[in-house]
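Notes follow the structure.
The values are calculated or read from the model by the stated rules, or taken from the named source; none is laboratory data. All values reported here derive from a predicted model rather than from experimental measurement. Cβ coordinates were reconstructed from backbone atoms using ideal geometry, including for glycine residues, and neighbour counts include every protein chain displayed. Ligands, DNA and RNA are excluded from the accessible area calculation, which covers all protein heavy atoms including side chains. Shrake-Rupley method; radii C 1.70, N 1.55, O 1.52, S 1.80 Å.
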Amino acid sequence: MNDNRIPVGILGATGMVGQQFVTFLQNHPWFEIAWLGASDRSAGKPYCEATSWRLDGAMPTGVERLVVQECKPANAPRLMFSSMDASVATEIEREFAKAGHVIVSNSRNHRMEPDVPLLIPEVNPDHLKIIPHQQRLRGWKGQIATNPNCSTIVLALALAPLKQFGIQRVVATTMQAISGAGYPGVASMDINANVIPFIGNEEEKMQQETQKILGDFAGDRLLPLSAKVSAHCNRVPVVDGHTVTVSVEFDRKPSQDEIIRALVNYRSVPQERKLPSAPPQPIIYMEEKDRPQPRRDAERERGMAVFVGRMRECPVLDYKFVALGHNTIRGAAGAAVLNAELMYAEGLLD
Ligand SMILES: NC(=O)c1ccc[n+]([C@@H]2O[C@H](COP(=O)([O-])OP(=O)(O)OC[C@H]3O[C@@H](n4cnc5c(N)ncnc54)[C@H](OP(=O)(O)O)[C@@H]3O)[C@@H](O)[C@H]2O)c1
């Protein structure tokens, strides 16, 4: 282990995603948890008392005795992961960025702001170039970068290798795990043996975020992809792992072989730079006719890969397939940690 690890803090450390951060950052080769923050209900208590641990396995030992702080910039490390309740994230994240902190956020609050990167390190690492513009515009010494919504990341990562064929129209239907709603989430009386065909604002987020992520950096702006994206979002009785069925139409329809090869061979900056949390293969194409499945596949590759299968012709658009990703790892904490690794590798934490 490197003794010169960078101290990091977690805003919203007691919540579901906060707990994923704590777990995911255990034994990280570059980052070391030095500071934990939450609401004033938790501040002043040791982490083990402030937190109802909801993940499998015991709370990691290194953090148990850390005293939870109020989410105020004083004494916090420069690099801060954020997973605060969305009702408070806007102001607190801005306050930290203004005070010189690098905020790597999971919350939806700043994702669609034009000068804030909505980052998937494999897909749009160049969008980090908007940061100097953000700092100039807002007069900040610090900065905010965000990761996408947990279902968007599955769709956008699966579509990224196909951008070369000119994506025109996308129809995506999700089957989203209950852990995506935080704790306690959906009432068991509602979700047991049932499907709920509504998740507030989720369809709009998926549509707009996908266009932003797959768009281009144009000097001082991020231009969204002009493709039309239509999302149908459903909550299903699955614990972890969001499944998305996708139909897509292209400018230039590739052969089925070409499209599968593009997915299988997809590698990008995190793999080239060997970022510690990067999966060796960001997309794993499964040949089995009934895969991927959330219970069997979501946890593989430390929850950081997106699994794609069932590529076939679509009689309405060009092709259809299924994609799966771990919603609280690749869709939340793991995504943010990979973002911070890229920012570090790009010198943005100097
Ligand atoms: N669950 C997912 O799969 C998922 C995926 C992607 C993104 N997200 C986003 O990540 C964020 C956290 O989600 P979650 O499921 O982890 O929620 P959660 O379990 O409800 O946790 C919320 C966290 O925010 C803290 N908090 C609440 N009020 C605060 C305040 N006034 N000041 C400072 N901290 C405060 C809470 O601290 P206390 O314990 O002290 O109340 C807790 O640590 C949300 O913005 C959510 O939209 C969630």
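Cut-off 15 Å, label point 7 angstrom out along Cα-to-Cβ of residue 230: give me the residues of segment 188-207 whose amide nitrogen falls inside.
Zone members listed by number: 203-204, 207.
Which shape class, rounded, prolate or oblate, goes with segment 219-313 when its Cα gyration tensor gives a ≥ b ≥ c as root eigenvalues, a/c under 1.5 marks rounded, and past that a/b bigger than b/c marks prolate?
Taking the square roots of the gyration eigenvalues as a ≥ b ≥ c, segment 219-313 is rounded.
Working from the alpha-carbon coordinates of segment 15-60, get Rg over Rh, Rh being the Kirkwood radius.
Expressed as Rg/Rh, it is 0.95.
Suppose R0 equals 56 Å. What FRET efficiency, 1/(1 + (r/R0)^6) with r the Cβ-Cβ distance, do residue 40 and residue 164 give to the nearest 0.05?
Working: r = 50 Å, r/R0 = 0.89.
Efficiency for this residue pair is about 0.65.
Whole percent per 10 Å bin, from 0 to the bin with the longest distance: what is P(r) over all C-alpha pairs of segment 183-246?
Result, from short to long distances: 18, 39, 25, 14, 4, 0 percent.
Find the percent of Cα-Cα distances in segment 276-350 that exceed 15 Å, and round it to a whole number.
60 percent
Stretch residue 194-residue 64 to full length: gain in nm at 0.36 nm per residue minus the Cα-Cα span?
43.1 nm
Report the charge-dipole magnitude of the chain in Debye, nearest 20, computed about the Cα centre from +1 at each Lys and Arg Cβ and -1 at each Asp and Glu Cβ.
180 debye
Arranged from highest to lowest average of other beta-carbon atoms within 10 Å per residue, in what order do the peptides 291-299, 189-197 appear?
Most protected by this proxy first, the peptides run 291-299, 189-197.
Check cross-link reach from residue 320 to the aspartates and glutamates: straight Cα distance under 17 Å, and skip same-chain residues fewer than eight apart.
Filter leaves 249, 251, 257, 258, 287, 288, 290.
State the Cα centre-to-centre distance between segment 312-350 and segment 1-27 in whole Å.
Segment 312-350 and segment 1-27 have Cα centres spaced 20 Å from each other.
Run the 1.4 Å probe and let me know the accessible area of residue 32, rounded to the nearest 10 Å².
80 Å²
From the cross-link list 129/163; 129/228; 163/253; 212/253; 98/205; 163/205, which pairs have alpha carbons spaced over 18 Å apart?
Beyond 18 Å: 129/163; 129/228; 212/253; 98/205; 163/205.
Can you check what the Kirkwood hydrodynamic radius comes to for segment 1-113, Cα pairs only, in Å to one decimal?
14.0 Å
Along the charge dipole of the chain, which of 179, 80, 311 sits closest to the positive end, that is, farthest toward it, with unit charges on the beta carbon of Lys, Arg, Asp and Glu (+1, +1, -1, -1)?
The listed residue farthest towards the positive side: 311.
Run the simple label-point estimate for residue 52 and residue 85 please: 7 Å along Cα→C-beta, distance reported in nm.
1.3 nm
Quick check on the chain: helices-only [θ] at 222 nm, where DSSP H runs of length 4 and up contribute -39,500 (n - 2.57) each and the sum goes over total residues. Nearest 500, please.
Estimated from H runs of four or more residues: -7000 deg cm²/dmol.
So with the 1.4 Å probe, I'd like the accessible area per residue for segment 304-350, rounded to whole Å².
About 26 Å² of surface per residue is accessible.
Give me the tail of P(r) for the chain as a percent: Cα-Cα pairs with distance above 30 Å.
Here the tail beyond 30 Å accounts for 33 percent of pairs.
Given the Cα-Cα distance of residue 272 and residue 183 and 0.36 nm per residue of separation, how much length would full extension add, in nm? Please list the in-between numbers first.
Details: separation 89, 0.36 × 89 = 32.04 nm, distance 3.64 nm.
Result for the pair: 28.4 nm of gain on full extension.
Rank 307, 81, 250 by mean-square fluctuation in a GNM of the chain with C-alpha springs under 10 angstrom and give only the top-ranked residue.
250
For the chain, set up a Gaussian network in which alpha carbons nearer than 10 Å are linked by springs, and say which option among 144, 153, 92 fluctuates the most.
92
Which residue fluctuates the most in the chain, going by a Gaussian network model with Cα springs under 10 Å, if the choices are 213, 33, 259?
With Cα springs under 10 Å in the chain, the top fluctuation among 213, 33, 259 is at 259.
For the chain, take the longest principal axis of its alpha carbons; what is the angle in degrees between that and the long axis of helix 150-159, to the nearest 10 within 0 to 90?
40 degrees
Using a cut-off of 11 Å between beta-carbons, work out the net charge of the residues near residue 296 (Lys and Arg +1, Asp and Glu -1, residue 296 not included).
Values: positive: 291, 295, 300; negative: 288, 290, 297, 299.
Here the count lands on -1.
Can you tell me the dipole magnitude for segment 15-119 around its Cα centre, using point charges on the Cβ only (Lys, Arg +1; Asp, Glu -1), in Debye to the nearest 20? Present the calculation step by step, with values, prior to reporting the outcome.
Numbers: 10 positive and 12 negative charges, 8 e Å.
Dipole size: approximately 40 debye.
Once both axes come from the Cα atoms, what is the angle between helix 86-98 and the longest principal axis of the chain, in degrees from 0 to 90, rounded to 10?
Tilt of helix 86-98: around 70 degrees.
Per the 1.4 Å probe, what fraction of the accessible area of segment 1-50, in percent, lies on carbon and sulfur atoms?
43 percent
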